[in-house]
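Encoded as structure tokens, the structure appears first; notes follow it.
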Amino acid sequence: MSSHRNVADIIVETLADAGAKRCYGVVGDTINHFTDAIRRNDDLEWVHVRHEEVGGFAAGGEAYMTRELALCAGTCGPGSLHFVNGLFEAHRSGSPVVLIASQVATKDAGIGFPQDVDPKPIYAQYSVFCESIVNPDQARRMAALAAQAALTKKGVAVLVVPGDIFTQKPSQDLPFRAHRFDPIVRPNAEEFVPAVKQLNKGGKISIFAGSGCENARSEVMALAAKLNAPVAWTSRAKDFIEPDNPFQVGMTGVFGLAGGYHAVAECDTLLLLGCNFAWGQFYPEKASIIQVDIDPQQIGKRHPVEIGLVGSVRDTCLALAKMVDEQTDTRWVDNCRKQYLDALGNDAHESKDDTLIHPQELTLALDEQGADDAIFTADGGSPMVWMLRHIHANGQRRTLSSLVHGTMANAYPQAIGIQKAFPKRQVIAMCGDGGLTMLMGDLLTLKQEKVPLKIVVYNNSSLGFVELEQKVEGLLDSYTGLENPDFDKLAQVMGIWGKRVEETHELKPAITEWLNHDGPALLDVKVNRMELVMPPKVASGEVASTALYSTKAVLNGRMEDVVDLVKSNFFKR
């Protein structure tokens, strides 16, 4: 290959050839030659954000939804450091992203030069690749390896490049490129035997499906039908397990409902499929557990299991469905389904008071009026719970939140990247007021980059999920109140359509107007601050702690808070 191009050109060309369409960041000093190479490349777009953390979230959101490579680039020191939270989230969500983390010039490294920060030890803990280019002859090979690692291992790859290296030209430029693979991976015949024997015992068999079930929907469904097994799913499996599934019973855990909890906790045999569910208290106490995962290190990591099978969910389920006996008794799956549907109906609140908007009510209205192929993101906290419970997946819709990293302020930044990747689709960011105000400056990016994103603010003037955590622990809620601006007026000042809703009768007409606006739009909805996120099973200790909170509140002159908590959750609906 020709060697007249410099390192910046080679990196841009190699990453674009690997499928990258966009690079997110803030220009400056040590990446100026890199961004100039992007300017001269017809296949790659630079997306100018106001804060690099937003760029990390946006790249992660794009990569998660497209399963194609997305890029970030940061200046030395502070610029590359600002990406940390957004890219840690992207990595833990399995999003293929490459970060070009620039560094001070090679002659200035290691002597305390201004902005000299070594990003390798910082990013090494949450990345699939983290290496430096120290010679221009490495450029194409290292860029290809970074892209290949991000795509095949599903995570963030980091390429550290000193600023002076970008302008150098290699003495040779061999045709290295990123490769992709889709191998068949399943256990050998002998390894299947104990699993088949256990499943053939029958009884109450349940499937707990995780994110590893992506691209394995038909195989999971076929196995569930053969076993007549209810299928509970983790939050990251919602999009591909929930739609049109006669066996699905929702989630377990704090975010779940009774059907999913019952199916997992009270079964005789639990089949974990690509499932990395972390909360041990929701696993069954006596059931035999079979775990399928493509990563051997995941087997028995979260809870003791009797049988482990290493293989992709797709290939392993395809084989299992041919080996196991058909189970004809439907009483177990029917019972779990009934509990799930009853609990789902009970959680879908409608207010009897026009001045009280339940967040579930808002979410159900979004579900009703959102497009059939809409993409929803949600901030960590209560908006995430309402999205997972009440936005219905239909096989076309997609959802995303921070489900492993658990960060706030992810919803609209992730949605920026998603909307850039899908400019014709409806993208809705379900933001908490706390999350939105953490990274509010990049509302300007919506205007400048002409991103027609729709933002809805669940405005309860508090860090609502934290407030609930404190109450459940028997503590007085402290330091959770938020003194918010009028978000609709703030949006308007930034050149974005904005509207505020405070009463129930205004809600649906406002959503219609908001969704129909041609361009970025923000809907500020005042929702019930005292809303409880009820788990599928309430432990006696949680009841006692919440009672203790109520007692403390009364003794501290906050009787009105306790009355509001009871009224808004039990009487005004």
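The values are calculated or read from the model by the stated rules, or taken from the named source; none is laboratory data. All values reported here derive from a predicted model rather than from experimental measurement. Note: ideal-geometry Cβ built from the backbone for every residue, glycine included; neighbour counts use all protein chains shown.
General remarks:
- Near pairs, Cβ below 9 angstrom, 6+ apart or cross-chain, from the range 458-479 (over 22 Å from W386 (Cβ atoms)) to any residue that is part of a loop (DSSP other than H, G, I, E, B) and at pLDDT below 80: L476/N556; L476/R558
- All positions within the range 322-380 that are of a type in the set (S, T, Y) and surrounded by fewer than 22 Cβ atoms within 10 Å (Cβ to Cβ): T328, T330, S351, T355
- The selection criterion, being farther than 20 Å from G256 by Cα and not assigned by TED's automatic domain parsing to the domain that holds N460, holds for C317.
- Test: residue in the range 202-211 that is of a type outside the set (D, E, K, R), touching a Ser or Thr at 6+ places or on another chain (Cβ under 9 Å) and free of Cβ contacts under 8 Å to residues at least 60 places away in the same chain: no
- Subset of the range 279-312 (residues that are of a type in the set (A, V, I, L, M, F, W, C) and either touching a Leu at 6+ places or on another chain (Cβ under 7 Å) or closer than 28 Å to P183 by Cα (or both)): A287, I289, I290, V292, I294, I299, V305, I307, L309, V310
- In the range 221-231, the residues that are in contact (Cβ under 8 Å) with a residue 40 or more places away in the chain and touching a strand residue (DSSP E or B) at 6+ places or on another chain (Cβ under 6 Å): L227, A229, P230
- Per-region count, the range 170-213, residues within 22 Å of F240 (Cα to Cα), buried (at least 18 other Cβ atoms within 10 Å of the Cβ) and not β-branched (V, I, T): 8
- The strands (runs of 3 or more DSSP E) falling completely within the range 87-169 include none with 2 or more residues that are aliphatic (A, V, I, L, M), out of contact with any helix residue (DSSP H, G or I) (no Cβ under 7 Å at 6 or more places or on another chain) and surrounded by fewer than 18 Cβ atoms within 10 Å (Cβ to Cβ).
- Test: residue in the range 178-195 that is in the same structural domain as N228 (by TED's automatic domain parsing), over 34 Å from the mean Cα position of the chain (by Cα) and in contact (Cβ under 8 Å) with a residue 40 or more places away in the chain: yes
- Which listed residue, of D293, D244, is charged (D, E, K, R), within 30 Å of S402 (Cβ to Cβ) and surrounded by 18 or more Cβ atoms within 10 Å (Cβ to Cβ): D293
- For the range 33-50, filtering for residues that are touching a residue at least 12 places away in the same chain (Cβ under 8 Å) and out of contact with any helix residue (DSSP H, G or I) (no Cβ under 6 Å at 6 or more places or on another chain) leaves 6.
For every residue, the table says whether it meets (1) within 26 Å of G345 (Cα to Cα); (2) modelled with pLDDT under 95; (3) in a helix (DSSP H, G or I).
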site: Y458; (1), (2), (3): yes, no, no
site: E469; (1), (2), (3): yes, yes, yes
site: G474; (1), (2), (3): no, yes, no
site: E506; (1), (2), (3): yes, no, yes
site: P509; (1), (2), (3): yes, no, yes
site: T512; (1), (2), (3): yes, no, yes
site: D518; (1), (2), (3): no, no, no
site: M530; (1), (2), (3): yes, yes, no
site: P535; (1), (2), (3): yes, yes, no
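- Residue within the range 72-83 that is under 21 Å from V404 (Cα atoms), touching a strand residue (DSSP E or B) at 6+ places or on another chain (Cβ under 6 Å), of a type in the set (F, W, Y) and at pLDDT 95 or above present: yes
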